[in-house]
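The values are calculated or read from the model by the stated rules, or taken from the named source; none is laboratory data. Bear in mind that the values here come from a model prediction, so they are computed numbers and not experimental data. Heads up, the Cβs are rebuilt from the backbone with ideal geometry, glycines too, and the neighbour counts pull from every protein chain shown. In case anyone asks, the SASA skips ligands and DNA or RNA and just uses the protein heavy atoms, side chains included. Shrake-Rupley method; radii C 1.70, N 1.55, O 1.52, S 1.80 Å.
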Amino acid sequence: MRSRRTTLAVPGSNPRFIEKAQGLAADEFFLDLEDAVAPAAKEEARKNVVAALNEGDWTGKVRVVRVNDLETAWTYRDVIEVVEGAGANLDCLMLPKVQDASHVRWLDRLLTQIERAMGHEVGRIGIEAQIEDARGMVNIDAIAASSPRLETLVFGPGDFMASINMKTLVVGEQPPGYTEGDAYHYILMRILMAARAHDLQAIDGPYFNVRDVEAFRRVARRSAALGFDGKWVLHPSQVEAGNEVFSPAQDDYDHAELILDAYEYATTVERRGAAMLGDEMIDEASRKMALVIAAKGRAAGLERTKTFEPPA
């Protein structure tokens, strides 16, 4: 699975921002043709995006373009022009405001037709589905199962909050008067369960107060603790914080690798189904939990600082 600790939004209509994004440490960027681009600038933004994908240096990053939603007049031209123009340098398309599985299937079929026509590998370009309203949330299980191209479910908090009449004007913050818990807990868990049931990644949406990095960390820690794979970032100041929050701590990463080594030694050399690692008993469930942390640590580029020593 691709590393998506931070997904940086970049307006497709702003060449200066596109150039700057290439030097930032975000795992993924998406060149946006939707909300960040005014209607009069949509066609020019497509040209900017194609040029940026073909000519820019995006080494080591996941390359994504967010097209317009299916209720607009721009979507099909977005897909055709971007994929025909730069499909070889594109990893995924992000489809916003997905309300049911037919939206994803439409994009899957169009991508397949373009890939065949252009001689590209069919199925290589993935899809990210953005859940942004109540209807999309109600249909999220069908959406998650809609296409083998699907790689992520992405929470779009701004439109979602508006769709359920949530009483707040700060995207990503708790609504005033809600003091008994986390107003987003059910939403995040619903997305996470659908994603994991279909081997997808779950990405949290943006936090709009880009100057308050500590508030961003607080909100990011919430979804990271639940098990989300990453979060949107809107500003360079959020990139470092997001990468840190969604990476395992060094001690946790080392411990996970030691669990994997110890369990393998116990089951293959000692032929036992459980073992001790120091004072800790480990078994198959421990191995599965350790695999998650180890995979995230490896994807984040962490290196081990501790070595497993078999028991005497």
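Kindly report the accessible area of the stretch 1-114 per residue (heavy atoms of protein chains, probe 1.4 Å, no ligands, DNA or RNA), in Å².
So the stretch 1-114 comes to 41 Å² accessible per residue, rounded to a whole number.
Quantify, in whole percent, the carbon and sulfur part of the accessible surface of the stretch 156-312 (1.4 Å probe; protein heavy atoms only).
Values: 4580 of 8460 Å².
Carbon-and-sulfur percentage of accessible area, whole number: 54.
What value does the stretch 60-104 have for Rg/Rh, both radii from Cα atoms and Rh as Kirkwood defines it?
On the way: Rg = 11.1 Å, Rh = 11.2 Å.
That ratio is 0.99, to two decimals.
Identify all aspartates and glutamates with a Cα-Cα distance to Lys42 below 16 Å; exclude those on the same chain that are fewer than 8 residues away in sequence.
In chain and number order, the partners are Asp32, Glu34, Asp69, Glu71, Asp78, Glu81.
For the stretch 163-237, which trypsin sites (Lys or Arg not before Pro) are in a loop by DSSP, counting at most 11 other Cβ atoms within 10 Å?
Numbers: sites: Lys167, Arg190, Arg196, Arg211, Arg217, Arg218, Arg221, Arg222, Lys231; in loops: Lys167, Arg211.
Listed in order of number, the matching sites are Lys167, Arg211.
Are there GluC sites (Glu not before Pro) in the stretch 26-130 that DSSP puts in a loop and that have at most 12 other Cβ atoms within 10 Å, and which ones? Each step should come with its number before you reach the end.
Working: sites: Glu28, Glu34, Glu43, Glu44, Glu55, Glu71, Glu81, Glu84, Glu115, Glu121, Glu128; in loops: Glu34, Glu71, Glu121.
Listed in order of number, the matching sites are Glu71, Glu121.
Based on C-alpha coordinates, I'd like the Rg and Dmax of the stretch 124-269, in Å.
17.4, 59
Once both axes come from the Cα atoms, what is the angle between helix 284-299 and the longest principal axis of the chain, in degrees from 0 to 90, rounded to 10?
Around 50 degrees separate the two axes.
If you wrap the stretch 226-297's Cα atoms in a convex hull and average its projection over all directions, what's the area in nm²?
Working: hull surface 21.6 nm².
Across all orientations, the stretch 226-297 yields a mean hull projection of 5.4 nm².
Distance between Cα centroids, the stretch 173-219 to the stretch 32-65: provide it in whole Å.
So the two Cα centres are separated by 27 Å.
Where the centre of each part is set by its Cα atoms, how far does the stretch 80-143 sit from the stretch 227-244, in angstrom?
So the separation of the two Cα centres works out to 24 Å.
Mind checking the alpha-carbon convex hull of the stretch 99-202 and giving the volume per residue in Å³?
On the way: hull volume 9.8 nm³, N = 104.
Dividing the Cα hull volume of the stretch 99-202 by its residues yields 94 Å³.
Looking at the chain, send over the antiparallel percent of its DSSP beta bridges, to the nearest 5.
On the way: 3 of 33 bridges.
Around 10 percent antiparallel, to the nearest 5.
Return one whole number: the accessible area per residue of the stretch 159-283 in Å², for a 1.4 Å probe. Spell out each step's value before the answer.
On the way: 6320 Å² over 125 residues.
Averaged over the residues of the stretch 159-283, the accessible area is 51 Å².
What per residue convex hull volume, in Å³, comes out for the chain when only alpha-carbon positions are used? Please report the intermediate quantities before stating the final value.
Working: hull volume 48.9 nm³, N = 312.
Considering the Cα atoms of the chain, their hull volume per residue is 157 Å³.
How long is the stretch 36-144 along each principal axis, judged by its Cα atoms, biggest number first, in Å?
For the stretch 36-144, the Cα extents along the three principal axes come out at 40, 33, 27 Å.
For the chain, take the longest principal axis of its alpha carbons; what is the angle in degrees between that and the long axis of helix 185-197, to the nearest 10 within 0 to 90?
80
Testing the spin-label approximation: label points 7 Å from Cα along Cα→Cβ at Ala51 and Glu244. State their distance in nm.
It works out to 3.7 nm between the two label points.
From the Cα trace of the stretch 256-304, what convex hull volume per residue do you get, rounded to a whole Å³? Walk me through the intermediate numbers first.
On the way: hull volume 3.4 nm³, N = 49.
Spread over its residues, the Cα hull of the stretch 256-304 gives 70 Å³ apiece.
Checking the table Lys167/Lys231; Lys61/Lys231; Lys61/Lys296 against a 18 Å threshold on Cα-Cα, which pairs fail?
Details: Lys167/Lys231 23 Å; Lys61/Lys231 15 Å; Lys61/Lys296 16 Å.
Cα-Cα > 18 Å for Lys167/Lys231; rest within.
Give me the percent of DSSP beta bridges within the stretch 79-199 that run antiparallel, rounded to the nearest 5. Mind dumping the intermediate values first?
Details: 0 of 9 bridges.
The antiparallel proportion sits near 0 percent.
Counting pairs of alpha carbon atoms under 8 Å apart in space and at least six apart in sequence, what relative contact order in percent does the stretch 99-154 give? Walk me through the numbers on the way to the answer.
Working: 66 pairs, mean separation 27.2, N = 56.
Over the stretch 99-154, the number comes to 49 percent.
What dipole magnitude, in Debye to the nearest 20, does the stretch 40-110 give about its Cα centre under +1 on Lys/Arg Cβ and -1 on Asp/Glu Cβ?
Details: 10 positive and 12 negative charges, 19 e Å.
Value, rounded to 20: 100 debye.
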